[in-house]
Amino acid sequence: MILVKNIQFSRNIKAAISIKEFNFRKLQSAQEPMYQIDVSDERGNRHFFSMHLVDGQWKIQGPLIVNWILEAEPLLHQAIEHREAQT
């Protein structure tokens, strides 16, 4: 029996002008390394997107990503890299 580790974690990251809680979940069944991420905005709306490993960098993938999330991409990359180094 093969046991697959479920990786989930949250990080508080400054995005736009405030600190947001980003929730990360690694998909083990994906063909390539991938995380699904969700975060809420000031109005309580949830934003869902994924990040894929492209040429050694974690890049945001998804339709209609708001600018404050796109601007936080380097910090999201760092959060994933830090977590990957721990596993």
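The values are calculated or read from the model by the stated rules, or taken from the named source; none is laboratory data. Since the structure is predicted, the reported quantities are computational estimates derived from the model, not experimental observations. Here the Cβ positions follow ideal geometry from the backbone for every residue, glycine too, while neighbour counts run over all protein chains shown.
Restricting attention to region 54-77 and to residues that are within 12 Å of GLN36 (Cα to Cα) and in a strand (DSSP E or B), the residue that is modelled with the lowest pLDDT turns out to be GLN61.
For region 51-87, give me the residue count where each residue is of a type outside the set (Asp, Glu) and touching a strand residue (DSSP E or B) at 6+ places or on another chain (Cβ under 7 Å). Full working, then the answer.
Here is the first cut: in region 51-87, the ones of a type outside the set (Asp, Glu) are 51-54, 56-70, 72, 74-80, 82-83, 85-87.
The next check asks that each one be touching a strand residue (DSSP E or B) at 6+ places or on another chain (Cβ under 7 Å); those that pass are 51-52, 58-62, 65-66, 68-70, 72, 75-77, 79-80, 83.
Going through region 51-87 one residue at a time, the tally reaches 19.
Could you list, in sequence order, all residues of region 28-56 that are surrounded by 13 or more Cβ atoms within 10 Å (Cβ to Cβ) and either in contact (Cβ under 8 Å) with a residue 40 or more places away in the chain or not aliphatic (A, V, I, L, M) (or both)? Those that are surrounded by 13 or more Cβ atoms within 10 Å (Cβ to Cβ) and either in contact (Cβ under 8 Å) with a residue 40 or more places away in the chain or not aliphatic (A, V, I, L, M) (or both): PRO33, TYR35, GLN36, ASP38, SER40, ASP41, HIS47, PHE49, SER50, HIS52.
Let's see how each residue does on (1) part of a loop (DSSP other than H, G, I, E, B); (2) within 16 Å of TRP58 (Cα to Cα); (3) of a type in the set (Ser, Thr, Tyr):
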site	(1), (2), (3)
ASN6	yes, no, no
ASN12	no, no, no
ILE19	no, no, no
PHE22	no, yes, no
SER29	yes, no, yes
GLU32	yes, yes, no
ILE37	no, yes, no
GLY44	yes, no, no
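Look at region 58-87: where a residue is more than 15 Å from PHE48 (Cβ to Cβ) and a partner is in a helix (DSSP H, G or I) and β-branched (Val, Ile, Thr), sitting 6+ places away or on another chain with Cβ atoms under 8 Å, you get TRP58/ILE80.
Which residues, counting only those in region 34-44, are over 11 Å from ASN23 (Cα atoms) and at pLDDT 95 or above?
Pass one, region 34-44, residues over 11 Å from ASN23 (Cα atoms): 34, 41-44.
Answer for region 34-44, where residues must be over 11 Å from ASN23 (Cα atoms) and at pLDDT 95 or above: there is none.
Taking region 59-81 as the range and being within 13 Å of LYS20 (Cβ to Cβ), crowded, with 16+ Cβ neighbours inside 10 Å and of a type in the set (Val, Ile, Thr) as the test, only ILE69 passes.
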